[in-house]
Amino acid sequence: MTSMARRLSAFALSVILAASCSTSSPRTANGTTDGSTSNRAQGFKFAACMRANGVKDFPDPDASGQLTIDAIANGTSLDTNSAAFKQALGACKSLQPAGFTGEKRTADQQAAALRFAQCVRDNGVKDFPDPTAESPLIDTNHIPSAGSGAGMSILHAAMKQCGTFAKEAGVTGP
């Protein structure tokens, strides 16, 4: 899948999930609503460390200061399951900004995540994998059919149909 397709996928997911979520105040990666500059600074240090440890295309935090594993997995061409990524993540663990890896889903959230995955499969994305409690809910690197424009359209439609399960799985939108 091209980098542009991944970005479009991440953007579409944001729009779909934002529409299905509450209108609570947006939160930064560290859980605050104040746009914490210290977490953003930590994100820049972490990104620099990841690049220094072999993940050359690792991005800096976005304009709001957020940097999450979901954004990396779905908004870039980086393979978060590669050996190089895992090695760099281990080397830079002490620099991770708050909220980068997210939190492990609760048992109820994981059950909803599995219902979401089944719903997406039932809505046409037969190769949509079951997420683990620690993994992103949607990782387009592991959905071969999403590598084409038509496959991405089917994925977007399925995500829209299954948005309630995503919300129950802990997805709060952008």
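The values are calculated or read from the model by the stated rules, or taken from the named source; none is laboratory data. Worth saying up front: this structure is predicted, and the values here are computed from it rather than measured. Here the Cβ positions follow ideal geometry from the backbone for every residue, glycine too, while neighbour counts run over all protein chains shown. Protein only, heavy atoms only, side chains kept; ligands, DNA and RNA dropped before computing areas. Shrake-Rupley method; radii C 1.70, N 1.55, O 1.52, S 1.80 Å.
When region 52-74 is examined, which residues are found to be under 12 Å from the mean Cα position of the chain (by Cα) and open to solvent by less than 20 Å² (accessible area, probe 1.4 Å)?
Correct list: Leu67, Ile72, Ala73, Asn74.
Here's a check for you: in region 75-84, which residue that is closer than 13 Å to Asp139 by Cα and open to solvent by less than 50 Å² (accessible area, probe 1.4 Å) is nearest to the chain's Cα centre (by Cα)?
Once the filter is applied, the top-ranked residue is Gly75.
Among the residues of region 126-174, what is the count of those that are polar (S, T, N, Q) and over 22 Å from Ile72 (Cβ atoms)? If you could, list the steps in order and put the result at the bottom.
Kept after step one, since they are polar (S, T, N, Q), are these residues of region 126-174: 132, 135, 140-141, 145, 148, 153, 161, 164, 172.
Then drop every residue that is not over 22 Å from Ile72 (Cβ atoms), which leaves 148, 153, 161, 164.
Result for region 126-174: 4.
Any chance region 114-122 includes a residue that's free of Cβ contacts under 8 Å to residues at least 40 places away in the same chain and under 26 Å from Pro61 (Cβ atoms)?
Checked against the condition, which is being free of Cβ contacts under 8 Å to residues at least 40 places away in the same chain and under 26 Å from Pro61 (Cβ atoms), region 114-122 yields no hits at all.
Would it be correct to say that Gln87 is under 16 Å from Cys49 (Cα atoms), at pLDDT 90 or above and more than 15 Å from the chain's Cα centre (by Cα)?
Taking the combined requirement at face value, the residue satisfies it.
For region 85-174, list the helices (runs of 4 or more DSSP H) that sit wholly inside it and hold at least 1 residues that are touching a Gly at 6+ places or on another chain (Cβ under 7 Å) and open to solvent by less than 30 Å² (accessible area, probe 1.4 Å); which are they?
In region 85-174, the matching helices (runs of 4 or more DSSP H) lie at 149-161.
Looking at Pro59, Pro26, which is the one that is modelled with pLDDT of 85 or more and of a type outside the set (Asp, Glu)?
Values: Pro26 fails: modelled with pLDDT of 85 or more.
None of the other options fit; the residue is Pro59.
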